[in-house]
Structures are given as C-alpha cells and as structure tokens.
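What follows is calculated from the coordinates using simple rules that are stated; it is not laboratory data. On a predicted model such as this, the values are computed, not experimentally measured, just so you know. So basically every Cβ, Gly included, is an ideal-geometry build from the backbone, and we count neighbours across all protein chains shown.
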Amino acid sequence: MNITSFIMYCMIVTFTPGPTNILILNSVQNFGLKKVMQFISGATIAFGALLAASVMLSSALAAVVPNILSVVQIIGTFYMLYLAYLISKMDVSKEPSNQASSFLSGFLLQLINPKVILFTMTVIPSYVMPHYKSPHILSVFVAVVTVIGFSAFVMWALFGTLIRGVAQRFQKAANLIMALFLVYSAIMVSGLVDFITG
C-alpha cells in the first residue's frame, strides 16, 4: 500500500471545498471560531463514525452502496440547495441564529453529505482493506483519516477567521458567494454533470 498516495488522497478530498467546509467558512464569519467548534465537533464525530461503519460493513456495502449513494445524492443535493437559499437570503441586519453552527447540525450534515458518504464508504475499503485485515490496524487508519478531516475543518474555520473582517464589510456579497459555492457543490455531487456528459 502506498501510504503517501493514501494520505494525499485523503487531504485532497477533505481540504477541497464541499458543503461542510463552505458552511464552516460562512458560520465562522457569523458566529466566530468558538461557536463553530461545536459544529466542527459534530461533523468530525459523524465523519469518524461513517468511516468506522464502512470498515465494519464493507463487504455488505459493496452490493448496496450504489443504491444508497443515489438516495444520498438526491437528499443531499436538495439539502445543499436549501442551505444555499438560506445563506443567500440571510438578513445581515439581524443577529444570526446559533442553530446553524450547533453540534447537531454539523453531525447531521455529514450523514447526508454525498461527498462525505462516498469518501467514507470507499476510502478505507479501497485503499487499506486489500492490504490490512487486523481490526487494530484498521482502527488506526480510521483515526488517521478522522484527524485529517478534523484538520481540514479547522483549517477552513481559521481561514474564515482571517477573512472575517473583509467578509463582514461585504456580508451580503460574501453570503451570495458562499451560496453559489453550495449550489456548485450540489450540482457536482448530484450526478447531473455525469448524466449530461455521459
């Protein structure tokens, strides 16, 4: 197994923009880093739980994943479009609700995020399980990938903190840009592009 390739793949997937990272970036501008850490905690625990579930159920999932992925793509696409709508319509003159940055919202978002579902259900079974079978070693890989995911979330929160002053001066425009990123993410994970080009 090529560990370097595995780590690079995990970093590329987790650090690139996706629904969770975009919501973290947006939320840190509205609520600050301390409040967003609750969201990140929920997202990280769900991310790790999905990785662990994929290891435990890998053989059974092989036959089911395409069906599950289609349902998750549809639900996740509509949820991301709904989030994009909420962000674009956010009234910048009012104090934002803390609900969007809660532990539960971070946890639940991961469970319907198609990017996360596809990644967590395939990365360990594809990269690791052909080479390692020991539950202890597989647990180490789950922990390593979870830490990489957590690092990506924190990096997006820190980036949001750095640009917070600029983003707050142009909050409406920043919200619109974040909403457009979510729409783009929704289109990319929906399977629509593959359908059209395939």
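By counting other Cβ atoms within 10 Å of each Cβ, how are T161, T197, T77 ranked from fewest to most?
The fewest-first ordering by Cβ neighbours comes to T197, T161, T77.
Counting Lys +1, Arg +1, Asp -1, Glu -1, what net charge surrounds N26 among other residues with beta carbon under 14 Å of its beta carbon?
So the environment of N26 carries a net charge of +4.
Order the peptides 124-133, 175-184 from the highest to the lowest mean number of other Cβ atoms within 10 Å of their residues.
Taking the mean over residues of other Cβ atoms within 10 Å, the ranking is 175-184, 124-133.
Among 7-16, 102-111, what's the highest-first ranking by average C-beta atoms within 10 angstrom per residue?
For the peptides 7-16, 102-111, the packing ranking is 102-111, 7-16.
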